[in-house]
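Please read the structure below before turning to the comments.
The values are calculated or read from the model by the stated rules, or taken from the named source; none is laboratory data. These numbers come from a predicted model, not from an experiment. Here the Cβ positions follow ideal geometry from the backbone for every residue, glycine too, while neighbour counts run over all protein chains shown. Note: accessible area is taken over every heavy atom of the protein model, side chains too, but ligands, DNA and RNA are not part of it. Shrake-Rupley method; radii C 1.70, N 1.55, O 1.52, S 1.80 Å.
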Amino acid sequence: RYDPRWDSLDARPLPAWFDEAKFGVFIHWGLFSVPGFGSEWFWWYWQKEKREPYVKFMEANYPPGFSYEDFGPLFTAEFFDPDQWADILKASGAKYVVLTSKHHEGFTLWGSKYSWNWNAVDVGPKRDLVAELATSVRNRTALRFGLYHSLFEWFNPLFLEDAITIFRTRKFPTSKSLPELYEIVTRYQPEIIWSDGDGNAPDTYWNSTDFLAWLYNDSPVRDTVVTNDRWGLGSICKHGGFYTCSDRYNPGYLLPHKWENCMTIDKRSWGYRRNAQLDDYLTIEELVKQLVETVSCGGNLLMNIGPTHDGRIAVIFEERLRQVGAWLKVNGEAIYGTKPWRAQNDTVTAGVWYTFSPKEGHINAIFLDWPVSGTLELGEPQAKLGETQVQLVGYKEPLKWVALGEKGIVIALPQLTPKELPCQWGWTLQLTGVN
């Protein structure tokens, strides 16, 4: 059993499924999807920071006196089809999904008894969106279902009262955020709890260690659940399950602790933006690069999409997800269930990243640019005559190669037309019999 202390909680081994999964999809959906402007931090930027673009947007498009609460009934979700979402998630090749059950605005996507009249069952869609997606994901896919939950809420009066006392009082966590956490775990049994938003309060204020001890010891998901590192001021990149360290974290080198790169397809926002331009979205080449770099350095990639207020996954997000899935269909062996190799990227040729497949015992060299010369030089592998074999994944014939002294190998790639290539955007060489 785990004690409610960080030294005890941090000693819990991370359930193996998470490291093997490598790739998940993040979904930011809430009332911020209604204005669909600027960012999911819309309320804060408009009301607290009074940023000019947000103030002007509201003045130009909404009647005087319109409040953020008035967005509630406009969050309609009439096109929300959880089965269709589940099918897109499955097609992406992701192994898990994390849905925002509640962002910093405090509006819950389930009918929480601790969020009276500020949830998707009482207001707006009048549907339990968490339950519907959880059911579809579990019925139609093998993905693991996870939930994001914000500890603090920007404008909750109880939180603001506690903040005035410099968190010596604990009205908000005891009556709101902790009861919600217990509620979502017992009701929906998520296998990832993705915590966020400490509000500059320490973990002792949030009573995070007590909750995690219950989660690991007695909750219905105690054997399989994974958590992140955002459990109070100073816990990020230090305590919890896997580390996130910061948004869009991609160090480019191997880390000693399991980590996750949570990032967005829309470079500027986690929530949906109606005024996004094509340039604001990462290309499929950029997404494949993120995935390959992240996995080779021991991380998981959590790729975010923001659905619309009426419940659609915008076509550009769907396309990107299906493209990643098409790439993984060919190259999945070089991603899922792999371990980092002794070298993460090649020393001679840029844009080559390595992973190791422990079951098969081969090294995967994933290269993101097809060389004009038709040959690929790798500085890291030590090839052995008569033992080393090189295979291009998705191509039948073994490839010819020449060793370069002690270390290094030159590989002759097959001459293929674009149509004959096994895939686009990046290719995998499997090397067996290599030191």
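General observations
- Relative to its residue count, segment 339-432 spans a Cα convex hull of 101 Å³ per residue.
- Assigned charges on the beta-carbon of Lys, Arg, Asp, Glu; segment 339-432 dipole about Cα centre (debye): 200 debye
- Computed over the Cα atoms of the chain, pair by distinct pair, the Kirkwood hydrodynamic radius stands at 23.2 angstrom.
- Across segment 178-262, Cα-Cα distances exceeding 16 Å account for 52% of all pairs.
- Taking a quarter of the surface of the Cα convex hull of segment 61-198 gives a mean projected area of 9.7 nm².
- Extension gain for L255 to L421 (0.36 nm times residue separation, less C-alpha to C-alpha distance): 56.4 nm.
- The candidates E161, E153, arranged from most to least accessible area with a 1.4 Å probe in the full protein assembly, appear as E161, E153.
- Taking the accessible area of the chain, probe 1.4 Å, and keeping the other protein chains in place, the carbon and sulfur fraction comes to 52%.
- Check: the chain dipole with +1 on Lys, Arg Cβ and -1 on Asp, Glu Cβ, in debye: 400 debye
- Between D247 and K359, residue separation times 0.36 nm minus the direct Cα-Cα distance comes to 37.1 nm.
- Residues in segment 169-178 carry Karplus couplings, in order, of 8, 9, 5, 5, x, 6, 9, 10, 6, 5 Hz; the curve used is 6.51 cos²θ - 1.76 cosθ + 1.60 with θ = phi - 60°, and Gly or Pro positions show x.
- Of interest is the spacing of the C-alpha centroids, which for segment 42-73 and segment 161-207 amounts to 27 Å.
- Per principal axis, descending, Cα span of segment 1-123 in whole Å: 55, 39, 30
- When the C-alpha to C-alpha distance is required to be over 26 Å, the pairs from K238/K359; K90/K289; K48/K238 that qualify are K238/K359; K48/K238.
- Orientation-averaged projected area, Cα convex hull of segment 271-322 (nm²): 4.0 nm²
- Cα-based shape type of segment 1-44, given that a ≥ b ≥ c are square roots of the gyration tensor eigenvalues and the cut on a/c is 1.5: oblate
- Excluding ligands, DNA and RNA, the accessible surface per residue across the chain is 42 Å² with a 1.4 Å probe.
- Distance between the modelled labels on N200 and I164, one decimal in nanometres: 1.6 nm (7 Å Cα→Cβ projection).
- Per-bin percent of Cα-Cα distances, segment 287-388 [5 Å]: 2, 11, 19, 20, 18, 12, 8, 5, 3, 2, 1, 0, 0
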